[in-house]
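Data first, discussion second: the structure below is written as structure tokens.
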There are 2 protein chains.
Amino acid sequence: MMKQYKCPNIKDWKSLCERPLQNQENLSEQVKSIFDEVKINGNKALKIFTEKFDDVILNDFKVSQSETDEAKNLVSGELKSVIKTASENIRKFHTSQQEEKKIIETTEGVFCWRENRAIENIGIYIPGGTAPLFSTVLMLGIPANIAGCKNIALCSPPDKDGKINPAILFTADLVGIKNIFKVGGSQAIAGLTFGTETIPKVDKIFGPGNQYVTFAKQLALNYNIAIDIPAGPSEVLVIADESSIPEFVASDLLSQAEHGIDSQVILLSNSERVINEINIEIERQLKELPRNEIAKIALQNSKSILLNSIDEAIDFSNFYAPEHLILSIENAENFTDKIINAGSVFLGNYSPESAGDYASGTNHTLPTNGFAKNYSGVSLDSFVKKITFQNITKNGIKNIGKTIELMAEAEELMAHKNAVSVRLKYLENEN
Amino acid sequence: MMKQYKCPNIKDWKSLCERPLQNQENLSEQVKSIFDEVKINGNKALKIFTEKFDDVILNDFKVSQSETDEAKNLVSGELKSVIKTASENIRKFHTSQQEEKKIIETTEGVFCWRENRAIENIGIYIPGGTAPLFSTVLMLGIPANIAGCKNIALCSPPDKDGKINPAILFTADLVGIKNIFKVGGSQAIAGLTFGTETIPKVDKIFGPGNQYVTFAKQLALNYNIAIDIPAGPSEVLVIADESSIPEFVASDLLSQAEHGIDSQVILLSNSERVINEINIEIERQLKELPRNEIAKIALQNSKSILLNSIDEAIDFSNFYAPEHLILSIENAENFTDKIINAGSVFLGNYSPESAGDYASGTNHTLPTNGFAKNYSGVSLDSFVKKITFQNITKNGIKNIGKTIELMAEAEELMAHKNAVSVRLKYLENEN
């Protein structure tokens, strides 16, 4: 069960906000040696690691067109249809993130603006396992497609028959991803970092994964590859008041808890009755869940905390900086201004986290582990660079020339000053 | 002098685009031990390192109000006035980067939007040395101020008299930075990472620095601190055609070369005559420059390359991904669509890089070392998180409920499905 706390002193908030510790010591050497092997031996190394970790010998990592065609036949019409519905919502929301070019004349004759350019080569990692995370293919593939990324490589581990789940292949095809590779784990990240005979080297790597993949992405940073966001176990914080429906809140807490044994859920309320009822509901719903063994362990890392008021609960939430924040409170929309640190926020009784996980349109790749204090979730922005441009007219340089000269001189950068002086002199002579 | 190349084979572009190598092996242990010391001993460690590296014993690191007041008197009225002019342009351009809230109804009853929130605690590092980089105070302080960052801490090393250059203090005051600390080098970054009795722990660290500071910022990432962008030596690439004015181009190349011995400048042209004339101009202007010893060494890392056409030069530039790109070519504005990888672009004969360095309004904190392929320069975006919100009505969850249920089921996350099912059932019973 969740640990229960009543009106803790603000001094104790820090320890209440601590995430379950992750020990990375043991895996760092292993991941580093996988990187070294893949860097030197390319596909040969990938083959060895795939046999070792995925228990299958592959001679070709690339998914063929016939494999994709076959996969499309294996996915039910009903599932295809709802994946398309979700993809339309995700496309609509991420398309709205496109920016118009605004040319700003900061001084007469000095024109400055920004233009977006897609990151040309991106890698998407999709974890394997029994459940196929095709929703993450939507969340990363759609904004990459809107941004106009030229080369998109998707890596996902093969099963023991050397296959990737059909729903993943169908979804990748739907969002226009043509290059799919049957490679998983840190060897996939190493492949995208260095490039091999088959796998392209990319500029930025996206996607979730286990601790090995997470560590490998951090390691890729050392090789000048960018990554989406630093990762950690998933988490939700729910603030519930008397207007909340305990059955709903319990279902939201459990949908987070089933993710993994290291998931964390936090329940805040100003009502002891509400906390008790939600706990009873959790017990009841837990019994019915196929993944209840996982959820039970995750709940042991989890906390329900009685606080004095909803305002105090929001302060606590900002201190915790949750990946997902559900406001099951009356007039939730009136509290949005007070939310400072969160990845994605769900308002009211009918906005479950799973809506954002799948189909409402928002992205589900979000900052965990307190990173909501200093990182945004994935959005269209994550797939572009914003380049600044400036066009200064003759009149413009006359207007700001003196300013630049004096500032450069004060910084003792006389060549910087001279770059303006030669132009001003030239224009004087022109007259 | 610059190395000269004529119409190199495309196979050789990769080696031509290599940046001067930086050896970080030796400094990593030193920076790590400084981090350990500051983490454990706080101010006491800062005091020891400040004595060791800055040759001054400080009992208080915080700049007092009287020091700031005194500094304001020491800066000339003329310099104050141009710093204000530059600050207005920078403010205008960065204010234009503010985003309006757009509520998107992705499906009837499903409302999604983003809201920006300032990163609450930020640290700004300003290097010391003989020249005071007050321009960087503008470039980081102004967007932080527009974003609404609550706590801004500025660190800069003291001189041997225990002072910070008055122009830095004046500029910090101008942009509203109240907490200034006389600490430099990797110990300053360690202070901002862990917090000490005097220096606040921050969420994100901005600003340039030497190799120690750069490595320290990378190390800060391991402690969940975000940083602006990975750093490397500054660089410019100029594309010049027959319409360019060799005197101007030479002055731009030299203004980059004077930054440091590891700066790199690249000149591309479709005209051998233009290249020759620019080289002659470089020689001529070099003699007059106070920092010509630095510039000479930087020019040895630098290249002038004759290419077959302006289009080929732009391809090369995209391959190189320069921090600064100057298009000294006819109708430069017609080529902007082709620029894919660059930090900041300067169009035509009257847009010198130093305009963007100081006063036109664009930011001068830009991706170097090829990072323009996968990172944007600093902008207002760098100081905010974009939080997604969703508000789903009863009707909305009815509309997308089935989609979520089927997708969750296919991913074998039954608690995710249940969070929707309990709501749909409740609404059925309500009718």
query: Ranked by Cβ crowding within 10 angstrom, fewest neighbours first, how are B:Y125, B:Y5 ordered?
result: B:Y5, B:Y125
statement: Computed, not fitted: 222 nm per-residue ellipticity of chain A from DSSP H runs ≥ 4 (each -39500 (n - 2.57)), nearest 500, equal to -14000 deg cm²/dmol
message: Report for the protein assembly as shown the percent antiparallel among DSSP-assigned beta bridges with both residues inside it, nearest 5.
response: 25
- prompt: For A:I40 and A:Q300 in the same chain, what is the full-extension length gain: residue separation times 0.36 nm, less their Cα-Cα distance, in nm?
  reply: 89.2 nm
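Per residue, how big is the convex hull of region A:137-188 when only Cα atoms are used? Give it in Å³.
Looking at region A:137-188, the number lands at 76 Å³ per residue.
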- prompt: Relative contact order (percent) for chain A, with alpha-carbon contacts under 8 angstrom and 6 or more residues of separation?
  reply: 21
- request: Divide the volume of the convex hull of the Cα atoms of region A:29-168 by its number of residues and quote the answer in cubic angstrom per residue.
  value: 166
task: Taking every pair of Cα atoms in the protein assembly as shown, average 1/r, invert it to obtain the Kirkwood radius, and report Rg/Rh to two decimals.
output: 0.98
task: Based on other C-beta atoms within 10 Å, arrange B:M139, A:M1 from fewest to most.
output: A:M1, B:M139
field: Rounded tilt (10° steps) of B:134-147 against the dominant C-alpha axis of chain B
entry: 10
- prompt: To the nearest 10 degrees, how steeply does helix B:65-74 sit against the main Cα axis of chain B, on a 0 to 90 scale?
  reply: 40
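So which of A:K102/A:K425; A:K217/A:K287; A:K287/B:K425; A:K417/B:K296; A:K373/B:K102; A:K385/B:K92 end up more than 28 Å apart by C-alpha?
A:K102/A:K425; A:K217/A:K287, as the Cα separations exceed 28 Å there.
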- prompt: lysines near B:K52 by alpha-carbon distance under 19 Å, same-chain residues fewer than 8 away left out - which ones?
  reply: B:K32, B:K39, B:K44, B:K62, B:K160, B:K163, B:K182
statement: Quick note on B:C112, B:C17, ordering by fewest other C-beta atoms within 10 Å, gives B:C17, B:C112
Cα convex hull of region A:232-376 - mean projected area over all directions, nm²: 7.7
task: Pairs of Cα atoms under 8 Å, at least six residues apart: use those to get the relative contact order of region B:71-170, whole percent.
output: 36
task: Quick one: P(r) of chain A from all Cα-Cα pairs, 10 Å bins, percents rounded to integers, in order of increasing distance.
output: 4, 18, 25, 22, 16, 9, 4, 1, 0
- prompt: So what is the relative contact order of region A:232-376, in percent, for Cα pairs below 8 Å that sit 6 or more residues apart?
  reply: 28
message: Is there a quick way to get the dipole size of chain A? I mean about its Cα centre, with the Cβ of Lys and Arg at +1 and of Asp and Glu at -1; what is the value in debye to the nearest 20?
response: 1240
query: Angle, helix B:394-410 long axis vs. longest principal axis of chain B, Cα atoms, 0 to 90°, nearest 10?
result: 80
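We did not get these values from a lab; they are worked out from the coordinates using the rules stated. Here the structure is a predicted model, which means the values were calculated and not measured. Virtual Cβ from ideal backbone geometry, glycine too; neighbours counted across all protein chains shown.
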